[in-house]
Structures are given as C-alpha cells and as structure tokens.
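Participant: Got a structure here, written out as structure tokens. Questions coming.
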Amino acid sequence: MFLAIFLLHARDFAGRDTSRDIELWVSRHLASMNSYGFWGGRTKMTHLQFQNGYHQHEILEYLEVDNPHSTRSIDAVLSLADSGGHFAPYPGGGGCYDYDAVFMLTPHGGGGGMRASEQLRTTAKAIMGEQNSDGGFAETLQVRPRSIANFWRSVNRVYGALGNVPLLVERLRYAVALQRPKHSQIHTHWSEYSREWSESDLWDTWFRLLAIARIDVCLDPKRAIDWGFIDYPGIGFHPSLRAQP
C-alpha cells in the first residue's frame, strides 16, 4: 500500500512518470490474489487475512481497478461478522476491523448485494449505539470489565469458528490472551499513556466515523457531499469524489 501511495504521489504531485511501476504493482497484486480476493496461502478465511488485504484494495479502488473475486470477498467477510454486527476476532469489534470490513462490503463505494446491505445497517446501528457520552468511540465495550456476560461473548466468538481451524485458532488466541492482566489496558507505541478498552480515543473515533460515512453513502449516494472525503490514495478516499465537479 505505501509503495503504491509513494508512486501515486510522485505521479500526481511531483511530476514523475511512475505509470509503469504502478501498472506492475497492480498486475502483480492481481496475479497473486487467492480465491477470496486477498493474499496469502490460507484455504480458510481469517480476520487477519481481510484486515491486511484491505489496504491493497484501497489502492485498487483509487485506481478504479475491479476486484476479480469481489463476490467471494464479500461472502468471506460477511462470514466473519458477529451477531452484533462487528468484525473483530474478539467481541465488540474494533475500529480497524469494522472499518476494513465495511470497506470490503462496499466495493467502489457502492452496494455489495442484499446480504451486505443488511449487514451494513446492522453494523451502523451497532457502532452508533456504542458512542460514548463524550462523543467519541472506543476499541470495544465488550472486553473489559471482566464479567460473566463478556466472558460468554468471548466463548461464543470462539465457538462460532468451529469448522474453520485457522479462524478457530485466531479467535482462541485472542480470547485467552486478552484475559491476561497485561491486556487490561490498551498499550500503543503512539504514547506513554495506556487507555481503557472502553475509553474514547482519536484512532477508533476516526475509523468509526469513516465506517459510518461509508455505509451512509452506500445506502444513500446523495449523502457523499456531506462527508469530507479526501481525494488522495489511502484511508479516507471515496470514489464519489470522481463524480463531483
């Protein structure tokens, strides 16, 4: 993704002819896609697979390149949703996981079919219902505090992966690891401050709003002018900008 962004920036803003390198980037990514429309050798779908692969699809969308496996990509992502409308391997979603999934369910900013539209409505309702009183959004409200209800949510998340061994292992690792005291708060390399799982933060608020914006425009294209999408490759771009004068 970052290589493509550098190439596109050099082409559009630095007067460099990088068209051949961009074409090579696209052709190699399309040639190495797996049957789900992502990358990697797994024969079963996992959360990490779509979360990592999403970033390449950001570039393909910017270049108006179709995903040749779009239908299967959508079905694969839909299979990872929990009953509440989230897409993380742990309960309650996560800013990145939910946005990445929403992106994949709205190819070129549009709809991905009836099932996808129904899921998008469920996800939007879930996200907006979890907005904190300060106006921001958190990573998830269902990992801490430790409680019987949250414990069973983790158990059900793992149970839902039966039949898909890589997915089962992925969710089980999160379920076990996140019970450790060291994960009682979220630690990042961005700051020395460690936040609560349910605490509003800029990162998750940004991604939650992007997810809502993308769903809103998918369901009502006229709403595109109300959101402030950026005309630049990467997170925050929206194809509706191509249609605006």
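Participant: Round to the nearest 10 and report in Å² the accessible area of Val77, as given by a 1.4 Å probe over the protein chains' heavy atoms.
Facilitator: Counting only protein heavy atoms, the figure is 0 Å².
Participant: Just the accessible area for Lys44, please: 1.4 Å probe, Å², rounded to the nearest 10?
Facilitator: About 90 Å², ignoring ligands and nucleic acids.
Participant: Let me ask something else about it. Would you compute the Debye intensity of segment 89-245 from its alpha-carbon atoms alone, equal scatterers and no solvent, and pass along log10 I(q)/I(0) at q = 0.17, 0.18 Å⁻¹ to two decimals?
Facilitator: With one equal scatterer per Cα and no solvent, log10 I(q)/I(0) is -1.08, -1.17.
Participant: Also, quick follow-up: Compute, for the chain, the length of the dipole vector about the Cα centre, with Cβ point charges of +1 (Lys, Arg) and -1 (Asp, Glu) only. Units Debye, rounded to 20. Show your work: numbers first, answer last.
Facilitator: Numbers: 24 positive and 26 negative charges, 172 e Å.
Using Cβ point charges on Lys, Arg, Asp and Glu, the chain gives about 820 debye.
Participant: Kyte-Doolittle mean at least 0.5 and Cα extent at least 24 Å along the axis: which DSSP H helices of the chain qualify?
Facilitator: Span-like helices, by this rule, are 202-219.
Participant: Let me cross-check Asp100: its accessible surface, 1.4 Å probe, with only protein heavy atoms counted, in Å² to the nearest 10?
Facilitator: 0 Å²
Participant: Determine the sum of side-chain charges near Leu80: Lys and Arg each +1, Asp and Glu each -1, restricted to other residues whose C-beta is under 12 angstrom from that of Leu80.
Facilitator: In short, -2.
Participant: Could you provide, to the nearest whole Å², the per residue accessible area of segment 113-197 with probe 1.4 Å?
Facilitator: 65 Å²
Participant: A follow-up question, please. With an 8 Å cut-off on Cα pairs and a minimum separation of 6 or more residues, tell me the relative contact order of segment 79-139 in percent. Provide the component values of the computation, followed by the final result.
Facilitator: On the way: 47 pairs, mean separation 20.1, N = 61.
Value for segment 79-139: 33 percent.
Participant: Same structure, new question: Can you give the relative contact order of segment 128-211 as a percent, counting alpha carbon pairs under 8 Å and 6+ residues apart?
Facilitator: Once normalised by length, the contact order is 41 percent.
Participant: Excluding Tyr97 itself, what net charge comes from residues whose Cβ is under 13 Å from its Cβ, given Lys and Arg +1 and Asp and Glu -1?
Facilitator: Details: positive: Arg157, Arg171, Arg208; negative: Asp82, Asp98, Asp100, Glu139, Glu170, Asp204.
Every neighbour counted, the sum reads -3.
Participant: Divide by every residue of the chain the summed helix terms, -39500 (n - 2.57) for each DSSP H run of at least 4, and state the resulting mean residue ellipticity at 222 nm, rounded to the nearest 500 deg cm²/dmol.
Facilitator: So the calculated ellipticity at 222 nm is -15500 deg cm²/dmol.
Participant: Report relative contact order for the chain in percent, whole number only (criteria: Cα-Cα under 8 Å, sequence separation at least 6).
Facilitator: About 22 percent, as a whole number.
Participant: A further question follows. Of all accessible surface on segment 35-88 at a 1.4 Å probe, what whole percent is carbon and sulfur?
Facilitator: Carbon with sulfur: 46 percent of the solvent-accessible area.
Participant: Using a 1.4 angstrom probe with every protein chain in place, what is the largest-first accessible-area order of Leu30, Leu80, Leu162, Leu202?
Facilitator: Leu202, Leu162, Leu30, Leu80
Participant: I need the Debye-formula profile for segment 157-245: one equal scatterer per C-alpha, no solvent, reported as log10 I(q)/I(0) at q = 0.15, 0.17, 0.20, 0.23 1/Å, two decimals.
Facilitator: Computed log10 I(q)/I(0) values: -0.85, -0.91, -0.96, -1.03.
Participant: Name the long-range amide H neighbours of Arg195: under 5 Å, sequence gap of 5 or more, or other chain; modelled H, no Pro or chain starts.
Facilitator: Ile186
Participant: Across the chain, where is the longest run that never hits chymotrypsin sites (Phe, Trp or Tyr not before Pro) in a DSSP loop with at most 15 other C-beta atoms within 10 Å?
Facilitator: The reported range is 40-189.
Participant: Moving on. How much net charge surrounds Ile5 when only the other residues with a Cβ under 14 Å from the Cβ of Ile5 are counted, with Lys and Arg +1 and Asp and Glu -1?
Facilitator: Net local charge, Ile5 excluded: -3.
The values are calculated or read from the model by the stated rules, or taken from the named source; none is laboratory data. Source: prediction; values computed, not measured. Note: ideal-geometry Cβ built from the backbone for every residue, glycine included; neighbour counts use all protein chains shown. Remember, those area values only see protein heavy atoms, side chains included, never the ligands or the DNA or RNA. Shrake-Rupley method; radii C 1.70, N 1.55, O 1.52, S 1.80 Å.
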